[in-house]
Amino acid sequence: MYGYMGKMVFVNLSKNEIKIKDIPENWLKDFIGGPGLGARILYEYMPAKADVFGPESMIGFIAGPFNNTGVPLGGRYTVVSKSPVYNGWNDANSGGYFGPTLKKAGFDAVFVNGIADKPVYIWIDNGKVEIREASKYWGMTSNAFERELIKDLGDNRIKAAFIGPGGEKKSYMAAVMNDGHRAAGRGGSGAVMGSKKLKAIVCRGNQKVEIADKEGILKLNKEIFKFLKSHPMIPLMKKFGTTGGFIPSLLSGDAGVKNFAISLEESGLTVEDFKEVGAELLNEKFKVDDFGCSACPVRCGAFFDVEHEKYPMKHVSRPEYETIGWFTSSILNTDPVIMIKCNELCNEYGMDTISVGGTVGWVLECFNEGLLTKDQLDGIEPYWGNGDAVVALTEKICKMEGCGEILGYGSQWAANHFGVGHDYLLVSSGIEMAQHDPRRAPGYIRTYQLDPSIGRHPKGGLAKANDRMTWEEKYNFRVTGFQDVSEIANTEYINNSGLCIFSIRMFPEGSIYKFLELVTGIHYSRKDIREMGIRSFTMRHAFNIREGLRRKDFTVTNRMIGKPPMKAGPLKGITLDEVRLGDNLYNALGYNVDGVPSLDMLELVGGLECVIKDLYPSKK
Ligand code: SF4
């Protein structure tokens, strides 16, 4: 089928077994790729309720049809597994070059189960697959590992999806890394790799993807590049990446202040105090180079050099918006070097900066409110704004040493362990919240709580529409389901095809959908795309249902919904009705109030026979 290599490889590390299979064409048509396809495959090949760290647990690495086809911004791949945090569905994606290289190596996807006797990596070289020993790489941090691997294989075209020491130690916040500093960060899939003693999937190849209409792609690319030239967002993204969002978010209340407890005006600080961590000054002081993902003309990433007596850093990644929010305003730190250092520690140890940042924010509030003591934190005294203490804490968490042995599992786990600080948690079923306050854009609370990949801000839904709404519309929770579903369907399409999420704001209206037909040769109407999106969401959700998770298991904490409401600032007085938003979504999707999809909706959407078989076994 055009756009795909048509093959997936299954590796069982307990049995040392490698099997190559064709991907059923109807699965490709029904789910396109990415997380939707991953959910269909894990549903088929991973037994229900498998122990997340046991041999039956499976992890997958999936490219999308746009990878390696020349579709701009079309280079993302997805990691799928069960999450150790909430024992349910997890998908996380990343840019860089791994996805396109996996296809060059001859495969659309790799799935791994079993547990190796000793550390291994999977070597995929132009269609050939091997399990190789990786003991010498175990314990290496991100850059050291990639450097050593490239040296050993003698080829700098190889690309790897790998874990750092965080994943090796099975931290629930461990990411899957690639291209040094890119991360499929959320949900703890890095720990699943670690539990299998799987250091990396390493690929190389020169195979080409057959495309239905090459000329059509070139023509559409021309139009898009012309459009991008005059798009106001492009120069800003090129120059600042996501860092440009921080100061506006601080003003609007989107970014957190003091662990999202208070507004900026109550903190005694002003925007002026944070100007050193704003986009302009960060670039001016530290930027030395830029970075872009495969097939992307935008190149929104950057590298920094930091000359500093205590924390000197060379060619480290510019932190993204989320990381800036967690490691500056959320902990009342205004020093950019502290924030860059914490980002670097997370990247090097292969940890999710959002979850680590959220855990650090929680520790600071607990310590400053007298709920955690210096003795419990290995002598560290993390007063608000104490940058050195924050670096020390982050290092302990990343290394899972001392108090990091507890904090390394995240804030929810630590709150349960210490028996304190539950009121200060900002988690959805245990996953730390991103720097998007749902009290500002209420759709986020629905996404954080009820997306099958729990706690994920880029997963789409109503929040994407909130910015186009008036204040009254935003906080009117009566009729939100239809719009929520439309936005979900768009995001499923973007994630499944391998597009970067920014494409939706950068490409001309409708063009992102044209690419699918040009690549695959199959005509998908907007109705088909919408149905595919609902099918894909439901497939991911059905994984959770099969695990025994129901709506009561998908939780958010009180502070996230404004209980009690903020006393001042732009979000003053706001309390959200997350139950109503969830009811509206489930209603619009055709799920019952507990989250179980109805037989009618499953039949109407189609392609979900496996789910019907499990939920409605008497149906012939
Ligand atoms: S816009 Fe940025 S994140 Fe998206 S593909 Fe381009 S470089 Fe990667």
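Being open to solvent by less than 10 Å² (accessible area, probe 1.4 Å), within 16 Å of the ligand (Cβ to nearest atom) and among the small types (Gly, Ala, Ser) is not true of Gly114. Residues in the stretch 507-539 that are outside any helix (DSSP H, G or I), touching an Asp or Glu at 6+ places or on another chain (Cβ under 9 Å) and under 11 Å from Leu220 (Cα atoms): Pro508 alone. Of all residues in the stretch 70-104, those that are away from the ligand (no atom under 13 Å from the Cβ) and at pLDDT 95 or above total 19. Among the residues of the stretch 117-164, those that are within 22 Å of Lys104 (Cα to Cα), among the small types (Gly, Ala, Ser) and under 25 Å from the mean Cα position of the chain (by Cα) comprise Ala160, Ala161. Inspect all residues belonging to the stretch 513-536 and state whether any of them is within 16 Å of the ligand (Cβ to nearest atom) and open to solvent by less than 10 Å² (accessible area, probe 1.4 Å). Checked the stretch 513-536: at least one residue is within 16 Å of the ligand (Cβ to nearest atom) and open to solvent by less than 10 Å² (accessible area, probe 1.4 Å). Being surrounded by 24 or more Cβ atoms within 10 Å (Cβ to Cβ) and in contact (Cβ under 8 Å) with a residue 60 or more places away in the chain: is that true of Gly106 here? No.
Okay, residues lined up against (1) out of contact with any helix residue (DSSP H, G or I) (no Cβ under 6 Å at 6 or more places or on another chain); (2) on the phi > 0 side of the Ramachandran plot:
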| position | (1), (2) |
| --- | --- |
| Gly410 | no, yes |
| Trp413 | yes, no |
| Phe418 | yes, no |
| His422 | no, no |
| Val427 | no, no |
| Glu432 | no, no |
| Ala441 | no, no |
| Tyr448 | yes, no |
| Gly460 | no, yes |
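Checking Thr328, Thr270 one by one, the residue that is open to solvent by 50 Å² or more (accessible area, probe 1.4 Å), hydroxyl-bearing (Ser, Thr, Tyr) and more than 16 Å from the ligand (Cβ to nearest atom) is Thr270 and no other.
Between Asp91, Asp30, Asp22, the distinction of being farther than 14 Å from Phe10 by Cβ and open to solvent by 10 Å² or more (accessible area, probe 1.4 Å) belongs to Asp30 only.
Being open to solvent by less than 50 Å² (accessible area, probe 1.4 Å) and within 26 Å of the chain's Cα centre (by Cα) holds for only one residue in Val579, Val596, and it is Val596. Taking the stated definitions as given, is Ile574 away from the ligand (no atom under 16 Å from the Cβ) and part of a helix (DSSP H, G or I)? No, not satisfied. Residues of the stretch 470-493 being surrounded by fewer than 22 Cβ atoms within 10 Å (Cβ to Cβ), part of a loop (DSSP other than H, G, I, E, B) and in contact with a helix residue (DSSP H, G or I) (Cβ under 9 Å, 6 or more places away or on another chain), which ones? Phe477, Arg478, Val479, listed by residue number.
With respect to being modelled with pLDDT of 95 or more, surrounded by fewer than 21 Cβ atoms within 10 Å (Cβ to Cβ) and away from the ligand (no atom under 16 Å from the Cβ), Glu344 falls outside the description. Any residue in the stretch 297-317 that is within 16 Å of the ligand (Cβ to nearest atom), open to solvent by less than 30 Å² (accessible area, probe 1.4 Å) and among the aliphatic types (A, V, I, L, M)? Yes, the conditions are met somewhere in the stretch 297-317. Against the conditions (1) touching a residue at least 40 places away in the same chain (Cβ under 8 Å); (2) under 20 Å from the mean Cα position of the chain (by Cα); (3) surrounded by 24 or more Cβ atoms within 10 Å (Cβ to Cβ), Cys203 satisfies every one except (2).
The values are calculated or read from the model by the stated rules, or taken from the named source; none is laboratory data. These numbers come from a predicted model, not from an experiment. Backbone-built Cβ (ideal geometry, glycine too); neighbour counts: all protein chains shown. Please note that ligands, DNA and RNA were not included when accessible areas were found on the heavy atoms of the full protein model with its side chains. Shrake-Rupley method; radii C 1.70, N 1.55, O 1.52, S 1.80 Å.
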